[in-house]
């Protein structure tokens, strides 16, 4: 398996990597998120940077994610005048709406 700086390189090493969650006050959460945004890093990579740990050098894909339930697809289909089964067209409409939001429309 190919090694990326700061990431496990073997399947055995992947089994030993553990995700750790921190319960922090809102100001701490916001400060980490703002720094991550400014540095074009994920929140996780920003924490690694703050702790002096290696950070992945791979470029981040500029994407947003949201979890949609079947009921969400029904609601979005009604919003865009599409059949709920046409998830690709709904996804394209959502992407256009997000672009409009970014452009202040």
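Give 66, 18 a once-over and let me know the one that is modelled with pLDDT under 90, exposed (fewer than 10 other Cβ atoms within 10 Å of the Cβ) and either within 20 Å of the chain's Cα centre (by Cα) or not in a helix (DSSP H, G or I) (or both).
18
Taking residue 68 and the conditions (1) in contact (Cβ under 8 Å) with a residue 12 or more places away in the chain; (2) closer than 30 Å to residue 93 by Cα; (3) touching a helix residue (DSSP H, G or I) at 6+ places or on another chain (Cβ under 9 Å), which numbered condition does it fall short on, given that it satisfies the others?
(1)
Given the conditions (1) surrounded by 12 or more Cβ atoms within 10 Å (Cβ to Cβ); (2) at pLDDT 95 or above; (3) in a helix (DSSP H, G or I), and given that residue 84 satisfies all but one, which numbered condition is not satisfied?
(3)
The values are calculated or read from the model by the stated rules, or taken from the named source; none is laboratory data. Here the structure is a predicted model, which means the values were calculated and not measured. Glycine also receives a Cβ, built like all others from the backbone with ideal geometry; neighbour counts cover every protein chain displayed.
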